[in-house]
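Inspection log for the structure reproduced underneath, given as C-alpha cells.
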Amino acid sequence: MKSKEQQLLENYLKGTLPENRKKLVEEFYEMESQRTTQWDTHLMGKKEEVKNRIKPRPISSKTTRRLPLVNIAASLLLALAVSYILYASLHKSPALEMVEKTTSFGQTSTIQLEDGSIIWLNAGSTVSYPKHFPSGSRQVTLLGEAFFEVQPDASRPFVVSTPMMTTTVLGTSFNIAAYHRDPTAITVSTGKVLVQQTTAASSSQTKKEMILYPNEQAILEDSDSPMAKASVNAERYSSWRNEEYFLDQMTMGTLAGTLERRFGVRFIFHDEQLKNCQLSGRVKKQSLSALMELLATTLAIEYKIEGKKVHLYGHNC
C-alpha cells in the first residue's frame, strides 16, 4: 500500500495533483533549488528518515512509459516538497494567544515579556502582545504611552504598532507616546529604531520613514502631517517612570493633561489663558496637593482640589 508521500509525488508526476498543491510543490522546488542553508529539521523532519523514504524503488516498464523523465535532483526536491506539505498540513501553527494589559488613570505597570523585554506602561494606556512570540517576529500593539527596553534578537525584530506609526527595532530602549487625539512621539534612549508612518499624508513630499538614534525624536502631529525629527533630551520623555516631570518649555495646559493621567483627576481652568503659562524646571515625585502648591507659588495662581477635580484660578502667570 502506497504512503501518502508516494501517492502525492506520483500524482504530481502524472499531472493529476490539485492545482493548489501543485503550485506549492513547484514553489518549494524553486525555493529549495536556491537554498544554501543547512537541512531544516523543523520543516523537513529528520534527515535520515526522509532519506530512507526516498530510496530508489524498482519501477515497472509500464510505469516508466507513463511518467515523464525526472532527474534525481528533481525527484529528491519533490520528495522534500511532499514532506514539507504533509508537515505543514499536520502541524499547523496554533492561533496566537494574545495578552492585553490596560492601565487606568492614576496607575502605571511594568510588564516582562517572555523574551526578557520589559514594558513600562503609563497611565491610561493599553498594550497587547502574544503570550508566546512566534519565530521570525515580535509584534506589540500600543495605545497610549510606554517605555520599551527590548532584548536583542536579530532573528526576530521587535515591532510596536500605534494608530499612526510603526516602530521596528532589534534591541534598544525607547519611549512611545500615542494617546488618542494627541501627537505621536517616538524618542530613542539607546540603540536605533526604524519609524514608519502608517497613515496617508496629504503631501506627496512627506517623508514616511526615518531612522532614529539616541536622543532623537520623531513626532507626528496628525495623520495628514509629515513626520518631523528633532534632537531632544531622551530622559525628559521617559522620566514619568520615576514620577518625575521635566517642565522646560512646557505649558500648564500640557502639564495638566499629564497630571490628569497620572493622578486620575480632571483639571478645570476658570481662565483659559492659564493653559498658556510657561513652566521650567524639574519636579520630582510628590503628591498631587504638594505639586499643586508648588505650581501655585511658581505661577502666582490659586487652586482648589475637590475630589477628582482640580480648579485653577487666576488671570496672569
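The values are calculated or read from the model by the stated rules, or taken from the named source; none is laboratory data. Just so you know, these numbers come straight off a predicted model, no measurement behind them. Cβ: placed from backbone, ideal geometry, glycine included. Neighbour counts: every protein chain shown. Just so you know, the surface numbers come from the protein's heavy atoms only, side chains and all, with ligands and any DNA or RNA stripped out. Shrake-Rupley method; radii C 1.70, N 1.55, O 1.52, S 1.80 Å.
When the range 166-177 is limited to residues that are modelled with pLDDT of 95 or more and among the aliphatic types (A, V, I, L, M), the one that is most open to solvent (accessible area, probe 1.4 Å) turns out to be 177.
Which of the residues belonging to the range 135-157 are over 19 Å from residue 122 (Cβ atoms) and not in a loop (DSSP other than H, G, I, E, B)? Once the filter is applied, which keeps residues that are over 19 Å from residue 122 (Cβ atoms) and not in a loop (DSSP other than H, G, I, E, B), the range 135-157 yields 138, 139. In this structure, does residue 124 turn out to be over 14 Å from the mean Cα position of the chain (by Cα), in a loop (DSSP other than H, G, I, E, B) and in contact (Cβ under 8 Å) with a residue 40 or more places away in the chain? Yes; evaluated as a whole, the condition is true for this residue. Please give the number of the condition residue 188 fails out of (1) in contact with an Asp or Glu (Cβ under 8 Å, 6 or more places away or on another chain); (2) surrounded by fewer than 18 Cβ atoms within 10 Å (Cβ to Cβ). In the conditions (1) in contact with an Asp or Glu (Cβ under 8 Å, 6 or more places away or on another chain); (2) surrounded by fewer than 18 Cβ atoms within 10 Å (Cβ to Cβ), residue 188 misses (2) alone.
When you scan the range 199-209, do you find a residue that is under 13 Å from the mean Cα position of the chain (by Cα) and over 22 Å from residue 257 (Cβ atoms), even just one? No, the range 199-209 contains no residue that is under 13 Å from the mean Cα position of the chain (by Cα) and over 22 Å from residue 257 (Cβ atoms). Within the range 241-257, one or more residues are among the basic types (Lys, Arg), open to solvent by 30 Å² or more (accessible area, probe 1.4 Å) and under 21 Å from residue 112 (Cα atoms). If you check 308, 285 for being touching a residue at least 40 places away in the same chain (Cβ under 8 Å), out of contact with any helix residue (DSSP H, G or I) (no Cβ under 8 Å at 6 or more places or on another chain) and not acidic (Asp, Glu), only one passes: 308.
Look at the range 259-270: where a residue is over 14 Å from residue 295 (Cβ atoms) and a partner is of a type in the set (Asp, Glu), sitting 6+ places away or on another chain with Cβ atoms under 7 Å, you get 266/260. Of the residues making up the range 110-165, those that are touching a strand residue (DSSP E or B) at 6+ places or on another chain (Cβ under 7 Å), among the small types (Gly, Ala, Ser) and buried (at least 16 other Cβ atoms within 10 Å of the Cβ) are 117, 124, 125, 144, 146, 161.
Yes or no, residue by residue, for (1) hydrophobic (A, V, I, L, M, F, W, C); (2) closer than 27 Å to residue 189 by Cα; (3) not in a helix (DSSP H, G or I):
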position	(1), (2), (3)
236	no, yes, no
262	no, yes, no
275	no, no, no
292	yes, no, no
310	yes, no, yes
317	yes, no, yes
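For the range 158-189, give me each residue that is hydrophobic (A, V, I, L, M, F, W, C) and part of a strand (DSSP E or B). 158, 159, 160, 165, 169, 174, 176, 177, 178, 185, 186, 188, listed by residue number. Output the number of residues of the range 277-290 satisfying the condition of being in a helix (DSSP H, G or I) and either among the polar types (S, T, N, Q) or crowded, with 18+ Cβ neighbours inside 10 Å (or both). So the answer is 1.
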